[in-house]
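Rule-based calculations on the coordinates, nothing more; no lab input. Just so it is clear, the model here is predicted, and its values are computed rather than measured. Virtual Cβ from ideal backbone geometry, glycine too; neighbours counted across all protein chains shown.
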Amino acid sequence: MLRKFIALLLFGLPFAATGCVPIQPAAPAASAPATTLTVFAAASLTGAFGEIGKNFETANPGVKVVFNFAGSQQLAQQLGQGAPADVFASANGKQMDVAIQAGRIVTGTAHAFVRNRLVVIAPKDNPAQIKGLPDLAKSGIKLVFAAKEVPVGQYALDFLDKATKDGSMGADYKTKVLANVVSNEQDVKAVLAKVTLGEADGGIVYTSDITAEAGDKVQRIDIPDKLNTIAAYPIAAVTDSKNAALAKKFVEYTFTPEAQKILVKYGFISTIGSATGAAPAALPVEITGLVAKPQKLGAADLAKLAQTEVKATDRDNVERSYKGVLLSTIFAQAGLQAAAKSVVFTGGDGYSQEVPLDQINSDKNAIITTDPGGSLRNILPSAKPKFWVKGLVKLEVK
C-alpha cells in the first residue's frame, strides 16, 4: 500500500511542478445585446401598442421595443428638443407637424394608420346623474378635460363648438360646459383615471380608452356622428433614427391586418375597413366654414353629381386622367359666403394645404375624385401636386 501511495504521489508531482490544473468547462458565450427600438406614442395607444410591440419583438428576434407614452404635444416637444427616438405615433396631425417643423420627421412620410372617436364617461355610480350630453351643462357638476394642447382636449372643444352651433342644447352650451371643467390634464389617461377614481363627475376620452377593465368602472354616453370627431393618428419614422430600417419596418407593421386587428380589439377604427386587408371605405368630406349650407359628402353622394374627366400632371411629372366632381359644383351646392377668401384642404392624416379661392376659381378643372382604394382626394390641375391632398376629409372655407 505504501508503494502505491508513493507511486501516485510521484506521478502527480510533475503536474504540480508545472502548474497544470484540471480543465474547467467553458463559460457559455454571452448573448448579443438586443437592438432597442424607441417608439414615441400617444398615451391612448398604450394598451394596443404594448401588444403590438410584443408581437413585433417575436417576429424580429434580438429587437427590444421601448415605448414612451405621453400626450402627443409632450412627445412632439421632446422630439423638438432632440430626444432620441426611432418612431413617432401622434394622436393628430398638428403635433406631427410640430415634429416635422423641428426637422425630426420628413414631410410626406407620415400617414394615418388608425382612427378614433370621442365618448363621454362618468363614474360607475354616476353621482351627478349624467345620462345625456345636455347634462354636461348642469350647474354644479365637476368635469375633467384634457388640455387644449392635447389632441383629445382640442377634439372635445370641437365637439362643444358643433353642439353649440347645432342649437339643440342651447346657444350657451359650450359656455356652461366649460364652466364645469375643474381641471385640464396633460393626457387622456389622466382624464380617465380621475373619472374612474370618482374625482370628477365626467370627462371626454376616446372610445379606445374604454377597455374591459375601465368599462367596469365607468358609464359611457355616446356622442353622435354629427357632433363627433374622427381622429386620425399619423405615424412616421424619425429622421435621425439609429435604426432606420427597423423603424421603417415597425411603421409598416402597424398597417398590417395583424396589427390592425389588435387596434380594433382596443376600440380603434381600422384604416383598412374590416382589418382583414380590404381597402378602406372613404370617409365623407365635410364642407365647413364660410358656407351657407355645410355639407358632408361621401363617395356615394359624389357619384350622384355630374362627373367631369380632366387631365393633370402628378408629382412624378406623368400626365394622368382623373374623373370626379368639379369643385365649383360642390361650392355652388354649399353656397360660398361673400367673405370667403381661401379653402383649407385637410386629409385624414392631418396633412392640410390652404389655397386661395381665386386660384381655385381660375382652375376650371379642379375636382374631387375617388381613388381606387376608396378614399377621396382633390385634383388641382393648375397647381403643384403638393396641393393635392389624399384621404380628403374636410374642406374649410375661410
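Estimated at 0.36 nm per residue, the fully extended path between K341 and D166 surpasses their Cα-Cα distance by 60.5 nm. Summing charges over neighbours of A237, with a neighbour being any other residue whose Cβ is under 14 Å away from its Cβ, gives +1 when K and R count +1 and D and E count -1. Taken about its Cα centre, the stretch 285-397 carries a charge dipole of about 100 debye when Lys and Arg each add +1 at the Cβ and Asp and Glu each add -1 at the Cβ. With everything on Cα atoms, drop me the angle between helix 2-18 and the longest principal axis of the chain, reported from 0 to 90° to the nearest 10. Compared with the principal axis, the helix lies near 50 degrees.
Angle of helix 151-166 to the longest C-alpha principal axis of the chain, folded into 0 to 90 degrees and rounded to 10: 20°. Measuring spread by the Cα atoms of the stretch 118-222 yields a radius of gyration and Dmax of 12.4, 37 Å.
Computed from the C-beta positions of D125 and L178, the FRET efficiency with R₀ = 30 Å rounds to 0.75. Averaging 1/r over each pair of different alpha-carbon atoms in the stretch 156-207 and inverting the result gives 12.0 Å, the Kirkwood hydrodynamic radius. Rounded to the nearest 20 debye, the dipole size of the stretch 118-222 about its Cα centre is 220 debye, using +1 on the Cβ of Lys and Arg and -1 on the Cβ of Asp and Glu. When peptides 91-97, 391-397 are ranked by their average number of other Cβ atoms within 10 Å per residue, the highest-first order is 91-97, 391-397. Bridgeable aspartates and glutamates around K142 (alpha carbons under 13 Å apart, same-chain partners fewer than 8 residues away excluded): E199, D201.
Each of I230, I204, I269 was scored by other Cβ atoms within 10 Å of its Cβ. Arranged with the fewest first, they read I230, I269, I204. Distance from the C-alpha centroid of the stretch 379-398 to that of the stretch 61-109: 26 Å, rounded to the whole angstrom.
Which aspartates and glutamates, if any, have their Cα less than 14 Å from the Cα of K94, not counting same-chain residues under 8 positions apart? K94 reaches E149, D349. A simple count of charges around T370, restricted to other residues whose Cβ falls under 12 Å of its Cβ and scoring Lys, Arg +1 and Asp, Glu -1, yields +1. Counting every C-alpha pair in the chain, the share spaced more than 31 angstrom apart comes to 48%.
Under a 5 Å amide H cut-off, with hydrogens placed 1.01 Å from N, L336 pairs with A292 among residues at least 5 apart or on other chains. At an R0 of 41 angstrom, the distance between the Cβ atoms of F255 and L197 translates into a FRET efficiency of 0.70. For the set K54/K148; K296/K390; K261/K323; K131/K162; K176/K341, the pairs lying more than 27 angstrom apart at their alpha carbons are K54/K148; K261/K323; K176/K341. Residue order for R117, R320, fewest other beta carbons within 10 angstrom first, comes to R320, R117. Per-residue packing, averaged as other Cβ atoms within 10 Å, sorts the ranges 174-186, 256-268 into the order 256-268, 174-186, beginning with the highest.
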